[in-house]
Amino acid sequence: MPEGSRVLPALRIWFCIEVLFASFGLVSVAYDPANSASNFAWSIQPPVTAAMIGGFYLAIAPILILGIFARSWERVRVVVIPALVFTAMLLVATWLHWASFRHGTPAFWLWYVSYFTPPFAFGILYLLQWRRQQAVPNHQPMIVAFRSLLILLGLLITAEGLYTFVNPAHFMAPQAFVITPLTARTIAGWMTAVGLILLFSAAEGAFERVRIGAPFLILALPCLWLQMARFPDQVDWTHPRLLAMGAVLALCTIVGLYMVRGLRLRN
């Protein structure tokens, strides 16, 4: 029997629903970003920014699948609050840019439901699980230096994401690609999710309880790069802000790989 409290069936079911929601992004902006005007909730221009959002959907998919099969609540909780905050941010972005959406279409309603319901679902399920959670030992504790890195990197990315959400013009100009306020706020939500996963991983302080978040950290950079490479003429690949973003995401990849490596060394 795994140490810790069991994952409630309702939370496993909700992760299954989230997989369905994410599939919408995978089959639209991840697979066919050039046609977001017909296959997504709003027309994302230029297509490279739609491809970027699709890259985030690709990177997040393993977390949702791992959540379905998590061995205990203590090994999944690290991503629940970040998911709540992320979906709440995109819900607020939807309200702020209501006129930009393709109202009345199936794509819009799927988008709206997929961001209106999760903040409430994750919040309720977190409280239910929190009342049942147990104190568990740290079998694979993180060293202080690594936890400090998680905190510093998490604070940097979270602050950047929140500031961009409040002031999207900060992310819009100058930039390596053309971006709209709605897209800027959407990317800000994804950035905040990355930062919060790092911070909550530091709070857990044990490798065995943060493994679920590692794939997202590892895959964010390669997925975004592969998606953006589909539209090379729409990107200034030498732009300093793009290089800085790549450096930060590369560090996230290294952090994620170390999380997995740490587990394998100790198991």
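Listed values, structure above:
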read-out: For segment 102-149 versus segment 153-176, the gap between their alpha-carbon centres in whole angstrom; value: 22
read-out: For peptides 69-79, 214-224, 158-168, sequence by mean Cβ density within 10 Å, most packed first; value: 214-224, 69-79, 158-168
read-out: Segment 79-98-segment 1-36 distance, computed between alpha-carbon centres (Å); value: 16
read-out: Cα shape, segment 1-157, gyration tensor, a/c 1.5 rule; value: prolate
read-out: For Ile44, net neighbour charge (Lys/Arg +1, Asp/Glu -1) across residues whose Cβ lies under 15 Å away; value: +2
read-out: Highest-MSF residue in the chain out of Leu90, Leu150, Leu242 [GNM, Cα springs under 10 Å]; value: Leu242
read-out: Segments 138-149, 248-259 sorted - mean Cβ within 10 Å per residue, highest first; value: 248-259, 138-149
read-out: Folded to 0 to 90 degrees: helix 47-68 orientation relative to the chain principal axis, Cα; value: 20
read-out: Rounded to 10°, Cα long-axis angle of helix 144-166 versus longest principal axis of the chain; value: 30
read-out: Gaussian network model of the chain, Cα within-10 Å springs - most flexible of Ile53, Ile17, Ile157; value: Ile17
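Quick note: the coordinates plus some simple rules give every number you see, no bench work behind them. What you see is a predicted model, and the numbers here were worked out from it, not measured in a lab. Methodologically, a virtual Cβ is constructed for each residue, glycine included, from the backbone with ideal geometry; neighbour enumeration extends over all protein chains shown.
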